[in-house]
There are 2 protein chains.
Amino acid sequence: MNASQHGDDGRSYHHGDLRKTLLETCCAHIASQGTEGLSLRALAREAGVSPTAPYRHFDSRHALLAALATEGFEELAASMRAVALDDPLQAFFDCALSYIRYAASHPVKYHLMFGDVIGDFSGHEELTAAAWDCYARLEQVLQVGLDSGDLRPDNLEELCGTVWALVHGMAGLTISAQAKATAKPIEDIMQVPPLRAQQAVASAPEGAVLRLMEGLVADPSRLKGIRQ
Amino acid sequence: MNASQHGDDGRSYHHGDLRKTLLETCCAHIASQGTEGLSLRALAREAGVSPTAPYRHFDSRHALLAALATEGFEELAASMRAVALDDPLQAFFDCALSYIRYAASHPVKYHLMFGDVIGDFSGHEELTAAAWDCYARLEQVLQVGLDSGDLRPDNLEELCGTVWALVHGMAGLTISAQAKATAKPIEDIMQVPPLRAQQAVASAPEGAVLRLMEGLVADPSRLKGIRQ
DNA sequence: TGCCACATGTGAGCGATGCATACATAGCGG
DNA sequence: CCGCTATGTATGCATCGCTCACATGTGGCA
């Protein structure tokens, strides 16, 4: 096993980018076997390195998950920063949609971000900072809506809370259905009540968001003109 | 260690109600150290029995968690069944509140019920049945509201989806804040964005629920008369 | 009352895991 | 060419989930 040649099989003694590989493989493993069954040794095996190599990049199993969550917050913040603020109501709507869409397309990371696997954020500065960034963007969009009068002139923090709860809830149910939908036939999905409830939401998420938003905007009739 | 006498220390050779003890101890352990760190051996140690004794009551670690979730669905269904259906709108409101309150007072079970720890319900008949029972009650309450005209005359399933999403989201954020609030001083809590967003919701959950519900009921002005 | 089947708890043990420690190797700047 | 540092290796320990064979109460039935 002489690994002194660099180009033979793509990896020499040094893996190349073990950190990135671990993050990706980790995501795939969680998707297929859940957070519980995740093992650093298995990840190392799959990457073709020794069982303890991952500890050069992550202090612990927990730290690896935290890094994944951090990545998630950064991606979510970026997607929320991408919406234009020209029309405050449209921005509000786009923000909510991009949140739900991110959750739907990155269910594993989303669960790490908002679930209870990483119980305590303290001690993970990068994670905390990334999460704050998301919240700041939401707050900014809502503030613009309040300033323009498009959103109800209520307390900003309370508005943030209700909006987050609404979007977070829809995202959660959307994820649930997706997760099981890929693994099982539809008949089996309908055996799980939360998923049945979600079916309606997932099939027309924009419509559902619109309906719930009507209670939050100053002129609900304007919503009809947004996104069909 | 002669355990032939029954009344000496409360446990003889047979524990008494090991199953119940395990369920309770398990809940406490998850609350303090999360689902990840949970160990059947530790639970057995704490109950004063041999490391393999728990396997007489639960097929696996997973089965223990599923049993806990089942208990949760049964309790939640009971609390939702306790609300009167006389006034459909009031029933709708009470149902939502009792859902959020259950989540807030039993965060561990709630997470097991709706999180991704128990990935697949199939194979857990009791769990599936209990979950269905909850959904059936929600559906019933909404149907009454539709029949009376108090809720918007929309598709029942879609209504279930949006309501569930709304309530589920608020419950989730309420839990998050609570969980960390007990463990850390308030200044630290505010370091975690989702929790900050939640503060507004938690401080006046009924008001927040009311506001979001306005988009779902036929005559929003009637809501003002419900619960102060 | 006496006895036996069965539910419940015990004990040893296997393979795997997280993680700490000490060591080896590769690549890069001086 | 030397040596420093980042990265991966080797070894080892305590613990865990789970299996299997065995021990011990308990309640039902004659």
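Brief remarks follow.
- Annotation: amide H of B:GLU214 has no partner in the under-5 Å range at sequence separation 5 or more or interchain, hydrogens built in the peptide plane.
- Alpha-carbon centroids, the range B:137-152 and the range A:15-65: separation in whole Å: 49
- Kirkwood Rh in Å, taken over all unlike Cα pairs in the range A:35-110: 14.6
- The aspartates and glutamates whose alpha-carbon is closer than 15 Å to the alpha-carbon of A:LYS109, local same-chain residues fewer than 8 away aside, are A:GLU24, A:GLU36, A:GLU71, A:GLU74, A:GLU75, B:ASP116.
- A simple spin-label model places pseudo-atoms 7 Å from Cα toward Cβ; at B:SER221 and A:ALA84 they are separated by 4.0 nm.
- Under 15 Å from B:LYS224, Cα to Cα: aspartates and glutamates that are on another chain or at least 8 residues apart: B:ASP87, B:ASP94, B:ASP150, B:GLU206, B:GLU214
- Distant alpha-carbon pairs in the range A:11-58 (separation over 13 angstrom), percent: 51
- Residues with amide H under 5 Å from that of B:LEU151, placed H, sequence gap 5 or more: B:LEU146, B:ALA218
- Placing +1 on the Cβ of every Lys and Arg and -1 on the Cβ of every Asp and Glu, with nothing else charged, gives the range A:11-58 a dipole about its Cα centre of roughly 180 debye.
- For the range B:158-168, putting each phi into the Karplus relation 6.51 cos²θ - 1.76 cosθ + 1.60 with θ = phi - 60° gives couplings of 5, 4, 4, x, 5, 4, 4, 4, 4, 5, 4 Hz, in residue order, rounded to whole numbers and with x for Gly and Pro.
Values in this text are rule-based calculations from the coordinates and carry no lab data. Nothing here was measured: the structure is a model prediction, and the numbers come from that model. Methodologically, a virtual Cβ is constructed for each residue, glycine included, from the backbone with ideal geometry; neighbour enumeration extends over all protein chains shown.
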